[in-house]
Amino acid sequence: MTADEDRSRPQARSIGCARVTRRAVLAGGVASGIAIATGSARAQAQALFGAGDTMPPAPQDGTTDIFHGITVPDPFRPLEDGTRADVRAWVEAQDQQGRAYLESLPSRRTIRKFFDSLLDYPRVGIPQQHGTRYFSYFNDGLANQSSYGMQEPLAAPRRTVIDASTLSNDGTVAITGAVPDRRGGRVAYLLSEAGSDRQTLRVRDVDSGRDLPVRITSCKHTSVAWFFNNTGFFYTRYPNENDPQDWDRHSHIVCTHPLVPGANERVIFRLPDRRDVYLRVQASYDARLLKITVWIGTSEKAGYYVAPLDDLSQFTEIIAPGVAGFYPIGNVGVTHYAITSLDAPKGRLIRIDQSDPKPERWHTVIAESELPLDFAAVFDSRLVVKHLEGGNSRISIYDLVGRKLSTVDLGGPVRVWFGRHNRGDNHLLLEVEERQRPSRIEWLDIFTRKPSVFRPTSAKHDLSDLVFRDVTATSRDGTRVPMTLVHRPDIALDGSNRTLLYAYGGFGIPIWPGYSAIVAAWVRLGGIYATAVIRGGGEFGQTWHDGGRLANKQHSFDDFIGAAEWLIANRYTRPDRLGINGASNGGLLVLSCMLQRPELYGAVVAGVPVADMLRYKLFTFGSNWIPEYGDPATEESFKTLIGYSPVHNVRPDVKYPPLLVLTADSDDRVVPAHAYKFVAALGGQSPASEVRLKVETRAGHGFGNALNKTLDRATDTLAFLCEKLGGPVLELPKIAS
C-alpha cells in the first residue's frame, strides 16, 4: 500500500529492508519476534500491573556498552528478549492502548471501507511461458493472498494450480515464489507463514494437482532452477543450525535436490571465506549452463559464476563480488550480457566472453548516458532496454551490437516492469503503470517494435481528475531534490492543507510516485500527497545511492527536511498540518527527521522502523546491512551511526509531534525490538510527547502479509494523520461494484 511496499524494482535486485519482491531480499531481524498472544500476554500484563489504565513501565536493566572508548547507555536492552514475562506484558499493554485509540478514530471505518472498494477487482500478473503453458499469479479482488494459475494456450481459461485460500484458515500463508520446470509439468513453490521471510519449499504436479513428497523447511530468500531433464532442481538456502561453520556466517549455499528415489541432496556451491553471502541461481538450457549471482550483504557489487550443467565441479568466475555494481541479464550461448556501474555510475550494458571474462576485456554494447540504465532483456537478435527518465521508464529496442532501432511509444509517461521471456521469443510482456491508473499488461512485438494492450486494468477507480505536479526542493548542501505532489484541483494554496510527505532513500531502490490506493484515499479525503526523491535511493544511479549511505546518510535526512521546508515555504501546508510517513528504512528516515527537526511536523507514522543503529547487525541477518549503514565496530562508522540512531538521539524534555509506530510480531527482517526500544526511549525521555504503538499479529515486514492486515496498516496510518493534522475530512466517493 505504501511506495515501500510497491514492486521495489523487480528488474534489478532489490536488497535491503524494503518490501521483498519475488526476487528475494535480504535484511535483518532478531530472534525476538514477540508474539502478542491475546490471552496469555494480557493475563500476564494484568497480573503484573493490574487491570487499570496505568501503563506499565518499560523493563530496564541499566545496561551500558563501550564503543571505541565511549560509554553508551542501553537501558531498554530487555525489550530485545521476547521470552520475558515483563516484556510481553509491556508490549501487550502498549498494543492494547494503541489499538483502542486507533479504533476510536472517526475516519477509520470509512477509510477501511474505501480501501476494500478500491481493491475489489481482478488482478493478474504477467504470464510466464514454460513449454506450451503460461503461468501467472492472480487475485479475484479481496482475497488475502494471490493464487497461482496456468493457461494452455495463453487464450484459454485459467486453471488454478495453487489455491492460496486453501493454505491457511486466516489467509496468512502466502505463495512467495513459484518456478515451473521447462515443460510446465511441475512447479517448485515457496510458502511463507505470517509474513515471515522463512519459507517452505514444495513441489506440485500441475496435471494432478498433487504435491510430491518434497518439503524443505530450511529456506529463506530462496531461488530455484530446474535440472535440464526436470528430474530435480537446484536451490539456494542458508545452512541448517547443525552446521555451525556455515550457519555462523549467515551465508547461502547452492544445493541440488534430485526427485529420483534414493538420490541424495548435495551442496555444489558455497563461498567458505565470506559471510553474509546471498545467492541467486538460474539455468540457461540452450547453453547448458548453471548461473549463480553472488551478493555480499546488501552491496550491489555482485559476483557472477557459471558452470556447465553436465559438470558442476567446473565453475568459472566471471567477476568476483566487491568489484563494481553488476547485474547479469542474460546470455546468448557463452556470451553474457550484464549491466555494470564499473566506470559508469549510471550504468552501461556490457557483453562478456565466458572464455575471457576479465573486466578489461568487457565490451560496451550500450554506453552510459544521462539517463540511468535500469534493466534490459536479451533475445536472439534484439535487446529491450529500460532507462529511467525522471519518474518514468523509457523503453528502447537495440540490436545485439548496440545499434538503437527505436524507442517504444507506450502512450505517455509510464513506469514499466518486464515479464519473464524466452530468448527465442518474438515478444515481451510488460506491466505498465501510469501515475493516474493501476497497471495494465502490454504485448511488445520486438520486431515490429509496436506495443498493444494485452490485458487492460479492471480497476473501477483512477486518479485522472487529480493534479500531478513535479517540483524541486533544495537540500542543505544545495542538492536539488525532486518531489511530486498530488492533490485535488480545487484546493487553495493558502498554507492550510493537510499534507503527507513520503520518501524512502536507501539501498539503491528507486521510489518514484505511481498509482497507489493510499495516495487515492489521502487525496480524496482532501489532503496533498508528496513523494520526495532523496539520496540513498537508486533514482539517478550509483552516485545518488552513494550520496545517501554510510558516512553520507545524513544527506537523506537533509533532503527530506528540505522537501518539508519547501512545502511550507510555498504555502502548500504549515508545520501543524504536515505529516510524514515511512516504512522500514523509511521508518528510520522519519524518526531521524522527527528527532532532528520536531518543529517541522504535525504528526509522524513510522512503519516497521530500523531504530537501533548500534545493535542492528546483531539481529538475525542485520549484518547484511553493513554495506548500507556501516559497521559500528569501526570507529568511523560508529561516529556516523551514533549521530542519527533514533534510539540514541531522543532529547530530554523536548515535545515531539504525535507519533504512531506500527510493527508486526513475525517481522524477522526489521524485528519489533527496534520499534519497542524507540517507543520506550521516547516515553522515558519525553513524557509530554504522544506516542502510540500497534503490533500486528501473524504479520511480518510487508511482503506475504494477508491483504486485510496490509489494509489495516494503511488505514491506521491515514486515520491517525487525519486526526492529528486536522483540517476538513472530505467524504470519500462511492465506487460502483
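Go through the stretch 272-297 and give me each residue that's touching an Asp or Glu at 6+ places or on another chain (Cβ under 9 Å) and more than 16 Å from F315 (Cα to Cα). Walk me through how you get there before you give the answer.
Step one: of the stretch 272-297, the residues touching an Asp or Glu at 6+ places or on another chain (Cβ under 9 Å) are 272, 275, 288, 295-297.
R275, W295, I296, G297, listed by residue number.
Taking Y189 as the residue in question, decide whether it is in contact with a Lys or Arg (Cβ under 6 Å, 6 or more places away or on another chain) and either in a loop (DSSP other than H, G, I, E, B) or closer than 29 Å to T200 by Cβ (or both). Break it down stepwise before answering.
On the way: in contact with a Lys or Arg (Cβ under 6 Å, 6 or more places away or on another chain): yes; either in a loop (DSSP other than H, G, I, E, B) or closer than 29 Å to T200 by Cβ (or both): yes.
It is true that Y189 is in contact with a Lys or Arg (Cβ under 6 Å, 6 or more places away or on another chain) and either in a loop (DSSP other than H, G, I, E, B) or closer than 29 Å to T200 by Cβ (or both).
From A551, A521, A492, which residue is surrounded by fewer than 19 Cβ atoms within 10 Å (Cβ to Cβ), modelled with pLDDT of 95 or more, farther than 20 Å from E389 by Cα and out of contact with any strand residue (DSSP E or B) (no Cβ under 9 Å at 6 or more places or on another chain)?
Values: A521 fails: surrounded by fewer than 19 Cβ atoms within 10 Å (Cβ to Cβ); A492 fails: modelled with pLDDT of 95 or more.
Checking each option against the conditions leaves just A551.
Tell me which residues, restricted to the stretch 329-372, are touching a residue at least 60 places away in the same chain (Cβ under 8 Å), under 21 Å from N392 (Cα atoms) and of a type outside the set (G, A, S).
Within the stretch 329-372, I339, P345, K346, P372 meet the criteria.
Return a yes/no flag: does the stretch 691-698 have any residue that is at pLDDT below 95, more than 29 Å from G602 (Cβ to Cβ) and surrounded by fewer than 21 Cβ atoms within 10 Å (Cβ to Cβ).
Within the stretch 691-698, none of the residues are at pLDDT below 95, more than 29 Å from G602 (Cβ to Cβ) and surrounded by fewer than 21 Cβ atoms within 10 Å (Cβ to Cβ).
Would a scan of the stretch 648-664 turn up a residue that is of a type in the set (D, E), more than 30 Å from S623 (Cβ to Cβ), at pLDDT 95 or above and surrounded by fewer than 19 Cβ atoms within 10 Å (Cβ to Cβ)?
No, because not a single residue in the stretch 648-664 is of a type in the set (D, E), more than 30 Å from S623 (Cβ to Cβ), at pLDDT 95 or above and surrounded by fewer than 19 Cβ atoms within 10 Å (Cβ to Cβ).
Those residues that are loosely packed, with under 15 Cβ neighbours inside 10 Å and part of a loop (DSSP other than H, G, I, E, B), I need them from the stretch 347-389; list them, please.
Result: S355, D356, K358, A367, S369, E370, D380, S381.
Please count how many residues of the stretch 322-346 are in a strand (DSSP E or B) and in contact with a helix residue (DSSP H, G or I) (Cβ under 8 Å, 6 or more places away or on another chain).
Total meeting the criteria: 0.
Wholly within the stretch 116-184, which strands (runs of 3 or more DSSP E) include no fewer than the required count, namely at least 1 residues that are charged (D, E, K, R)?
Qualifying strands (runs of 3 or more DSSP E): 133-139, 159-162.
Only one residue in T222, T293, T236 is crowded, with 20+ Cβ neighbours inside 10 Å, modelled with pLDDT of 95 or more and in a loop (DSSP other than H, G, I, E, B). Which one?
T222
In the stretch 74-113, what residues are touching a helix residue (DSSP H, G or I) at 6+ places or on another chain (Cβ under 8 Å) and either more than 29 Å from P672 (Cα to Cα) or of a type in the set (G, A, S) (or both)?
Hits for the stretch 74-113 are G82, A85, A89, A93, S107.
Just for the stretch 128-186: of the residues that are under 27 Å from L118 (Cα atoms), charged (D, E, K, R) and surrounded by fewer than 16 Cβ atoms within 10 Å (Cβ to Cβ), which one is farthest from the chain's Cα centre (by Cα)?
R159
Among the strands (runs of 3 or more DSSP E) contained in the stretch 401-474, which hold 1 or more residues that are free of Cβ contacts under 8 Å to residues at least 40 places away in the same chain, over 24 Å from R182 (Cβ atoms) and of a type outside the set (A, V, I, L, M, F, W, C)? If you could, list the steps in order and put the result at the bottom.
Working: elements: 404-407, 415-418, 427-433, 440-445, 451-455, 467-474.
Qualifying strands (runs of 3 or more DSSP E): 404-407, 440-445, 451-455, 467-474.
In the stretch 409-417, is there at least one residue being within 26 Å of the chain's Cα centre (by Cα) and surrounded by fewer than 17 Cβ atoms within 10 Å (Cβ to Cβ)?
The answer is yes; a qualifying residue exists.
Take L588 and tell me if it is under 24 Å from F468 (Cβ atoms) and crowded, with 24+ Cβ neighbours inside 10 Å.
no
Can you tell me how many residues in the stretch 351-388 are touching a helix residue (DSSP H, G or I) at 6+ places or on another chain (Cβ under 9 Å) and within 20 Å of G303 (Cβ to Cβ)?
Number of matching residues: 2.
The values are calculated or read from the model by the stated rules, or taken from the named source; none is laboratory data. On a predicted model such as this, the values are computed, not experimentally measured, just so you know. All Cβ positions, glycine included, derive from the backbone under ideal geometry; neighbour counts span all protein chains shown.
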